[in-house]
Amino acid sequence: MLTTISAYAIFAIPVLCLIFYKFIFRLLGIIIVPEDRIGLVTKKFVLFGDKKSLPEGRIFATEGEAGYQAKPLAPGIYFWYWIWQFDIELRPLTVIPTGKIGLVLAKDGKELETGWILARKIECDGFQDAEAFLKNGGRKGRQTAIITAGSYRINTFLFDVELTDITEIKENMVGIVTTMDGASIPSGQISGKSLDGHNNFQNVDAFLHGGGNKGLQQQVILAGSYNLNPWFVKVEEIHMTEIPIGSVGVVISYVGDEGEDVSGSEFKHGNIVSKGYKGVWAEPLGPGKYPLNTFVQKIELVPTTNLVLNWASARSESHQLDKNLSTITVRSKDGFPFNLDVSQIIHIPNYEAPKVIARFGNMNNLVSQVLEPTIGNYFRNSAQDSDVISFLGSRAERQDTARRYIGAVLNQYNVNAVDTLIGDIVPPESLMKTLTDRKLAEEQKVTYDTQKMAQETRQALEKETAIADIQKDIVKADQGVVIAERVADASVKKAQGEAQSLKLQAAAEAERVKLQASAESERIKLIAVAEAEKISKTGNAEAEKILAIGKAEAEAYQLAVSAMGEHNFTQLKITESIGKENIKVIPDILITGGNQDQNGALSGLLGLRLMEEMGKRKPQNDAEQS
C-alpha cells in the first residue's frame with residue numbers, strides 16, 4: 001500500500017510542480033518562451049494611458065491597443081504579462097524545408113490598389129517584423145514576396161504561410177512564363193515587353209516596378225531551379241527548338257518593334273528585318289538547339305542541302321514535301337495520253353532562305369505554288385509538240401531542255417535548280433503493243449540477216465577448207481619433184497666424188513710407191529754401195545712405171561669424163577659396178593597392162609597372180625637347192 005502511494009507521489013509531484021510553476025509564474029506576470037517557440041499575444045483590455053481602440057478596418061494592434069498584438073514574443077523571459085490582461089499562445093517557429101518556398105497571405109493591412117492582384121513587398125525582415133509590415137504600408141492579401149528555406153519567427157495570427165515546391169526546368173527544356181499581375185500589354189502586341197533586373201521573374205517587385213506587363217512574356221527561363229511565386233507566374237515547359245544539320249531556321253517574330261526592311265528594293269514580297277524586330281529575321285539560325293519562345297516566334301526549317309522532289313505516285317522522300325505530288329499525265333501531239341515520272345533537285349542557299357520564307361511562308365507553299373505548276377505545265381506543253389514515239393526517242397534532249405527552262409524559272413524565286421530528271425515513261429498499252437510487235441519484227445529481221453551471213457561465212461569457210469586440202473596435195477607433189485631433183489643431184493655429186501676419190505687414190509698410191517721406193521733405195525744403198533746403184537735404177541724404173549700407169553689411168557678418166565660427160569660417165573661406172581656385182585637389172589617377169597581393154601586388164605591380173613605363185617614357190621626352191 002505504501003509502495004503504491006510512493007509511486008504515485010513520485011509521478012504526481014513533478015506534474016503538480018509544473019502546473020503550479022506555470023500558474024505561479026502566470027500569476028506573477030512572468031512568461032518564459034522556449035528557443036523553438038514564439039509567443040503570440042492577445043491583449044484583453046487596456047489600462048489607463050493606452051489607446052483603447054484599433055484604427056478602422058484594422059484587427060492587429062501596433063500601438064498597444066486591445067486585440068491581437070502584431071509583435072510576437074521571441075524566445076526569452078518576459079514580465080508584467082498578467083494572466084487577467086494578456087493571453088499568451090506559444091507556437092512553433094515557421095520552418096521552410098529545402099526544395100520548398102513559403103507563400104505569404106497577410107490578414108491585415110491596407111487594401112490592395114485597384115487592378116493589383118498581389119501586395120507589393122514591404123521591408124519587414126521576411127515577415128518576422130509584423131509591426132514594420134503594418135506601419136510601413138503593408139497590404140492585406142497575397143504577397144509578392146516569398147520566404148525561402150529556413151526557420152522564421154512569424155506571427156501566424158497575422159500571416160498564413162503556404163508551402164509549395166520550387167520551380168524546376170528540366171534539361172533541354174524551356175520555361176514559357178505567363179505573369180498574373182502587372183501593366184496591360186500594349187496594343188498591337190501579343191506579349192509583355194522584355195525587362196532586365198528581375199532575376200528570371202524571381203524578383204516580382206523588380207518586374208512590377210520596372211513596368212512589366214501581365215500575360216504572356218517574351219523572355220523564357222532555362223533549365224534550373226527557381227524560387228518563383230506561383231501566385232505571380234505560371235510556367236509551361238516546352239522543348240528547346242532544334243535545327244538539324246543540313247537545314248537553317250528562319251525566325252518569324254510576332255513581337256518587337258517595327259523594323260526597317262533590309263531585303264533591298266528589288267525584293268517586293270515581304271519585309272525582312274534585323275534580329276529582334278517584328279517580322280522575318282534576315283539572319284537565319286544555323287544547326288543546333290535554341291531556347292526560343294515558340295509562343296511569340298515561329299521557326300520555319302529550310303533545307304540547305306540538295307532537295308529531291310518526286311512527281312511519282314509510288315515514291316516520296318523522307319522530308320515529305322512531295323507527299324502530295326503524283327505522276328504527271330500528259331497528252332502527245334498524236335492524241336495519246338501517257339504518264340511520266342519526274343524528279344526535280346533544288347538547292348536553297350542559307351542566305352536566300354529568309355527571302356523564300358518571306359515570299360511563300362513555308363516550304364510546302366513553295367512546292368505547291370511554284371514547283372508543282374511549273375514542272376507539270378512544262379512537260380504537258382512539251383508533250384503536245386511531239387508524238388509519243390518521238391518523245392521516247394528524244395528523252396535526253398528533253399531532259400536537258402527542261403533543266404535549263406526550270407532553272408531559269410526557279411532562279412526568279414531565289415531557288416537554285418540543280419537538275420531535272422525524267423524517270424519512267426509509260427505510253428498507252430495499245431501503242432506499246434504496236435511498238436513491241438514492230439520491234440520484234442525488226443529483231444527477227446536482224447536475226448535472219450545474221451543467220452544468212454553465218455551461212456555465207458560457213459560456205460566461204462568450206463570453200464577455203466577444200467582449197468587448203470588441195471593445196472596440201474599440190475605442195476606434197478611440188479616437194480616430191482624437189483626431192484627427186486635433189487636425189488638426182490646427189491647421185492651426180494656421188495659419182496663426181498667417186499671419180500675424184502679414184503684420182504686421189506691413184507695419186508696417193510703413186511706417192512706411196514714412190515716413198516717406198518725411196519726408202520728401199522736408201523736401205524739398199526746403206527747395205528751395199530755397190531748394189532745401191534743397181535737397185536736404185538731398178539727402183540726408179542719401177543717407180544716411173546707405176547707413176548706412168550697412174551697418170552695414164554687418171555688421164556683416161558679425165559678424158560672419159562670430158563668425152564662422155566659427167567652424167568654419162570657416172571652411168572657407165574654404175575653399169576660396170578652392176579656388172580661386177582652381178583646385180584639383176586631386168587626382172588624375170590614383166591607385167592604390163594597392155595591396151596585399155598578387157599584383154600589388157602586380164603593380162604595384168606594374170607601377171608599379178610603369177611608373181612604371187614612364184615613368191616610362194618621360191619622358198620621351196622631354195623629348200624630343194626639346199
### Task
For Glu317, enumerate residues with amide H under 5 Å from its amide H, sequence gap 5+ or separate chain, H modeled in the peptide plane.
Asn310, Asp322
### Message
Output wanted: per-residue J couplings in Hz (rounded whole) for the stretch 135-140, from phi through Karplus 6.51 cos²θ - 1.76 cosθ + 1.60, θ = phi - 60°, x for Gly and Pro.
### Response
6, 8, x, x, 10, 6
### Task
Compute the projected area of the convex hull of the Cα atoms of the stretch 166-239, averaged over all viewing directions, and report it in nm² to one decimal place.
4.5 nm²
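To make sure I understand, if each residue's beta carbon is the centre and we count other beta carbons within 10 Å, what order do Thr114, Thr156, Thr98 fall in, fewest to most? List each step's numbers first, then the result.
Working: Thr114 5, Thr156 17, Thr98 8.
Ascending number of Cβ neighbours within 10 Å: Thr114, Thr98, Thr156.
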### Task
For the stretch 22-164, state the average projected area of the convex hull of the C-alpha atoms over all orientations, rounded to one decimal in nm².
9.2 nm²
#### Entry: Part-to-part distance (alpha-carbon centres) for the stretch 286-331 and the stretch 144-162, which is given in Å
56 Å
### Query
For the stretch 193-199, in order, what is each residue's ³J(HN,Hα) by Karplus, 6.51 cos²θ - 1.76 cosθ + 1.60 with θ = phi - 60°, in whole Hz (x at glycine and Pro)?
6, 6, 10, 10, x, 9, 6
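For the stretch 294-334, what's the relative contact order in percent, using C-alpha pairs closer than 8 Å and at least 6 residues apart?
Details: 25 pairs, mean separation 11.8, N = 41.
After rounding, I find 29 percent.
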### Task
Report the one residue of Tyr226, Met180, Gln202 whose Cα lies farthest in the direction of the positive end of the charge dipole of the stretch 166-239 (charges on C-beta: Lys and Arg +1, Asp and Glu -1; origin at the Cα centre).
Met180
### Query
Can you run phi through the Karplus equation (6.51, -1.76, 1.60; θ = phi - 60°) for the stretch 335-344 and list ³J(HN,Hα) in whole Hz, with x for Gly and Pro?
x, 8, x, 8, 10, 8, 9, 10, 10, 10
### Message
Using Cβ contacts closer than 10 Å as the measure, can you line up Ser53, Ser332 from fewest to most?
### Response
Ser53, Ser332
## Note on the structure
the stretch 247-427 -> Rg/Rh from Cα coords, Kirkwood Rh, value 1.07
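Report relative contact order for the stretch 438-564 in percent, whole number only (criteria: Cα-Cα under 8 Å, sequence separation at least 6).
Numbers: 29 pairs, mean separation 24.3, N = 127.
19 percent.
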### Task
Taking every pair of Cα atoms in the stretch 474-529, average 1/r, invert it to obtain the Kirkwood radius, and report Rg/Rh to two decimals.
1.58
### Query
So how do Arg403, Arg438, Arg142 line up by other beta-carbon neighbours within 10 Å, fewest first?
Arg438, Arg403, Arg142
### Task
Measure up Lys278/Lys355; Lys107/Lys135; Lys43/Lys140; Lys494/Lys514; Lys452/Lys472; Lys170/Lys323 against 26 Å on the Cα-Cα distance and list the ones that go over.
Lys494/Lys514; Lys452/Lys472; Lys170/Lys323
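Values in this text are rule-based calculations from the coordinates and carry no lab data. Note that this is a predicted model, so its numbers are computed, not measured. Cβ sites come from the backbone with ideal geometry, for glycine too, and all protein chains shown count toward neighbours.
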